[in-house]
Amino acid sequence: MGNLFKKMFSRENRGRTASYLIIIIAYIVLEIMRLSGNMTNLLSSLLVPVCCYITAAIALNLNVGFSGELNLGQGGFMGVGAFTAVVVSGSLAGVIPNPVIRLILAMIAGAVLAGAVGWLIGIPVLKLQGDYLAIVTLAFGQIIKSLITNLYVGLDKNGMHFSFVDNHLNLAEGGKVLISGPMGATGTERIATFTAGAVLILIALTIVYNLIRSRHGRAIMAARDNRIAAESVGIHIANTKMLAVVISAALAGAAGALFGLNNASLAASKFDFNLSILILVYVVLGGLGNLNGTIIATTVLVLLPELLRSLQDYRMLIYAVILIVIMLVSNNEKMKTGLERLRRKTGKGADSHA
Amino acid sequence: MREEMKTDNRIPVLEAEDLGIDFGGLTAVNNLSLKIYDNEIVGLIGPNGAGKTTVFNLLTKVYEPTRGTIKLCGQDIGKMTTVEVNKAGIARTFQNIRLFMNLSVLDNVITGMHNTVVYGLTDSLFRTKKFRESEKLAEEKAREILRIFELEDKADVPAGSLPYGEQRRLEIARALATEPKLLLLDEPAAGMNPQETEELMKTIRFIKEHFGIAILLIEHDMKLVMGICERITVLNYGAMLASGTPAEIQANPQVIKAYLGE
């Protein structure tokens, strides 16, 4: 027991332990507030989305922070996961009445499909050097949004029907439309829960932390730090970067799946370029390669616009000013050295790259 | 004479023949033949711009040779990629230091073991027994290598914060971690003071004896080159000017002319 405690707070694991503690404590406190009725409707409606954004941001940090590749399509990967989950959950509703099992299956399906799409995108792009991943994921986000906006999916006793033409699903009597073009998913059963969100974050954290402190994670960071040197010690750059892209996309897909099953109706336009940029902002403000920072920045920046709602028209103005201030402060050299000195004094050298 | 005969019967660790590369119309390296045997230190010297680093880039397939063959322990490595060449057994350092600056000194060396201490992705994600054992083994090996280079006290420091001389040593340590048959050192003593160079010479000799590997090194510090190399090849304008023992090279009028001019 004492050994475990020592290990948890060792220099190597301190960041990880802090991440787990933040999530578990926040979950317990918020769940107690929610169950005892001490929570506003606004806040309780934000619980699941915040979990989704945090997961997507942790996943994006694997790309941007650890792998050093800019990914501007995280919203697109979430979209793939969301609509996959809507279809899977909707079509399994008759077979598996248990919502928890259905939620898990839908999230796995969303993760697998988004991961597969990430892999397809990675094949041509990762062989190149430079910012091509950013360009291609940017385009991917737009394409996937347009694709889903024109997609019709229905279910009847004969099985699934897909169409890209308005209402040409030819559903038999009693059939159900799951995705209806520009309207998106309608009549989705809301089976997402805050517990599932918290568990998803913990899984994402475990995956990323385990990956980073391993042979594979070191290869990812080595390829980021010096491509030529990484090759000279036998690291295959494209495969290594692919691993980061696929895992990041899969986690974003799972997050999107949870998001999709948290809304009765959901249009594809939700998963646009703005969402991708927003998640990128969470990652950059939280700190590249710093997962605790990602968690905190995401939470603050999702809640902030909601808390500023009373300011009405000035809301986004204030939000922008706060963003700029955080950016200036967190990049201030004097602040950084001051914090570093403080850390060394208290012996808490949080390792941002581990 | 007897010495020569014995040498020729062995399979060379590295055998390059008629190696050459053209960049457009410019011939950077031409007609280079190199043989390096087991447990041997060979120097590659020449005036600036002679094409020494280009030779390293050819041997490690950073550049695609226009002509010639490269064999490592009899195996043709001419068609391999940089990654495959390293797996086959050639490791190198760089003239302009290329470390993983954000990783710790220890992690830099362990990263060198990417293909020598191997486990799968599932081992990583689920922290299996194999993962724990491999990581422990890798760390022990890495610390042992760091001890050779007197860097064990700096194991947890980011590589980027090391002073220049230590960065050079760490690069050699990382290359050694890949368990090469042939080690290519590109100006290992650059920027070092005389004492550091002296230390480095001892370390290179120790590496040769301890790991039993062949070493090819580029160096401008003639004291180092003449002190530790068993044979020396001189390049000038991309072509081989001379090859022989340090004493032969020092007495070679062509070499003196290339270095000092007419």
Completion exercise
Scanning segment B:89-133 residue by residue, those of a type in the set (S, T, Y) and either within 26 Å of the chain's Cα centre (by Cα) or closer than 16 Å to A:R227 by Cβ (or both) turn out to be B:T93, B:S104, B:T111, B:T116
Practice task
Would you point out which residue out of A:V100, A:V125, A:V136, A:V95 is of a type in the set (V, I, T) and over 23 Å from A:A254 (Cα atoms)?
Solution key: A:V125
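Within the group A:T240, A:T298, A:T294, which residue is closer than 28 Å to A:Y20 by Cα, within 14 Å of another protein chain (Cβ to nearest Cβ), of a type in the set (S, T, Y) and assigned to a helix (DSSP H, G or I)? Walk me through how you get there before you give the answer.
On the way: A:T298 fails: within 14 Å of another protein chain (Cβ to nearest Cβ); A:T294 fails: within 14 Å of another protein chain (Cβ to nearest Cβ).
Criteria check complete, one pass: A:T240.
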Practice task
Within segment A:89-99, track down each residue that is part of a helix (DSSP H, G or I) and in contact (Cβ under 8 Å) with a residue 24 or more places away in the chain.
Solution key: A:S89, A:G90, A:S91, A:P99
Handout entry: Checking B:T203 against (1) closer than 28 Å to B:P47 by Cβ; (2) within 14 Å of chain A (Cβ to nearest Cβ); (3) of a type in the set (S, T, Y), the condition it does not meet
Key = (2)
Completion exercise
A:K241 meets each of (1) under 25 Å from A:R102 (Cα atoms); (2) among the basic types (K, R); (3) surrounded by 15 or more Cβ atoms within 10 Å (Cβ to Cβ) with one exception, condition (1)
Handout entry: Residue pairs meeting the criteria (Cβ under 8 Å; at least 6 apart or on separate chains; first over 18 Å from B:V83 (Cα atoms) and at the interface with chain B (Cβ under 7 Å from one of its Cβ atoms), in segment A:209-227; second assigned to a helix (DSSP H, G or I) and of a type in the set (S, T, Y))
Key = A:N210/B:S124; A:L211/B:S124; A:S214/B:S124
Exercise for the section: Just need a number here: residues in segment B:73-94 that are of a type in the set (S, T, N, Q) and in contact (Cβ under 8 Å) with a residue 60 or more places away in the chain. Expected result: 2
Practice task
Hey, could you check segment B:180-207 for residues that are surrounded by fewer than 19 Cβ atoms within 10 Å (Cβ to Cβ) and of a type in the set (D, E, K, R) and say which is nearest to B:L58 (Cα to Cα)?
Solution key: B:K181
Exercise for the section: May I ask you to verify whether A:A257 is buried (at least 24 other Cβ atoms within 10 Å of the Cβ), free of Cβ contacts under 8 Å to residues at least 24 places away in the same chain and part of a helix (DSSP H, G or I)? Expected result: no
Fill in the blank from the handout: The condition from (1) closer than 24 Å to B:T27 by Cα; (2) among the aliphatic types (A, V, I, L, M); (3) surrounded by 23 or more Cβ atoms within 10 Å (Cβ to Cβ) that B:I77 misses is numbered (3)
Exercise for the section: Could you check how many residues of segment A:44-77 are more than 8 Å from the chain's Cα centre (by Cα) and part of a helix (DSSP H, G or I)? Expected result: 17
Completion exercise
Being in the same structural domain as B:I249 (by TED's automatic domain parsing) and under 30 Å from B:K257 (Cα atoms) narrows B:V42, B:V83 down to just B:V42
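Yes or no, residue by residue, for (1) more than 14 Å from every other protein chain (Cβ to nearest Cβ); (2) modelled with pLDDT of 95 or more; (3) crowded, with 16+ Cβ neighbours inside 10 Å:
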position	(1), (2), (3)
A:Q129	no, no, no
A:L155	yes, no, yes
A:N158	yes, no, no
A:F162	yes, no, no
A:N167	yes, no, no
A:N170	yes, no, no
A:F194	yes, yes, yes
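The values are calculated or read from the model by the stated rules, or taken from the named source; none is laboratory data. What you are looking at is a predicted structure, and each value in this text was computed from that prediction instead of being measured. Note that we place each Cβ from the backbone using ideal geometry, even for glycine, and neighbour counts take in every protein chain shown.
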